[in-house]
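Structure record follows, encoded as structure tokens.
Read-outs throughout are calculated quantities, based only on the coordinates presented, and are distinct from any laboratory measurement. Values in this document were obtained by computation on a predicted structure and should not be read as measured data. Glycine also receives a Cβ, built like all others from the backbone with ideal geometry; neighbour counts cover every protein chain displayed.
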């Protein structure tokens, strides 16, 4: 008698009212990547915070960014965590956006043999549900 492999549903991101992430997820749903900027200092910040990391004030705005960057660091995940059993191995990368902030993301369309620190990457989307697009990145193809 064979046992069916138990599959745990993949955890979904949730809008965090305290951290005010709704604008991020609303933009992602529409295929746009946005980050916060401090209106007083002009400095970008990611991940979302209720206050400016530069000034401590609540004077923030969301701006769409280019979705271009470079691999700052990366690792290969071989041990699945709940809901990700069918995804291993996968590349988890810290990407530095052209705008100067870093995002921890999945790197798609790339093998661990091909990924390099400093490699140019661009935004792509992982559709988790009808409501949630999750930002990911892939190598920039040079032609």
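Using a Gaussian network model of the chain in which every pair of alpha carbons under 10 angstrom is joined by a spring, one finds that among 52, 41, 66 the greatest mean-square fluctuation is at 41.
For the chain, set up a GNM with springs between Cα atoms under 10 Å and report which of 130, 99, 85 has the largest fluctuation. Greatest mean-square fluctuation among the candidates belongs to 130. With an 8 Å Cα cut-off and a minimum separation of 6 or more residues, compute the relative contact order for the range 66-143 in percent. Computed value for the range 66-143: 30 percent relative contact order.
Normalised Debye scattering of the range 66-143 at q = 0.21, 0.26 Å⁻¹ gives log10 I(q)/I(0) of -0.95, -1.28, counting only Cα atoms as equal scatterers and leaving out solvent. Springs between Cα atoms under 10 Å define the GNM used for the chain, and in it the highest mean-square fluctuation of 27, 54, 93 occurs at 54. The ellipsoid equivalent to the alpha-carbon distribution of the chain has semi-axes of 29, 21, 13 angstrom, derived from the gyration tensor eigenvalues as √(5λ) and listed largest first. Entry note, the chain: the mean residue ellipticity at 222 nm calculated from DSSP H runs of n ≥ 4, each adding -39500 (n - 2.57), is -1500 deg cm²/dmol after division by the residues and rounding to the nearest 500. Could you tell me the calculated FRET efficiency between residue 76 and residue 30, based on Cβ-Cβ distance and R0 = 30 angstrom, to the nearest 0.05? Once the sixth-power term is evaluated, E becomes 0.45. Placing a pseudo-label 7 Å from each Cα along the Cα-to-Cβ vector at residue 14 and residue 134 gives an inter-label distance of 1.6 nm. What is the percent of Cα-Cα separations in the range 15-65 that go past 15 Å? Summing the P(r) of the range 15-65 above 15 Å gives 39 percent of all pairs.
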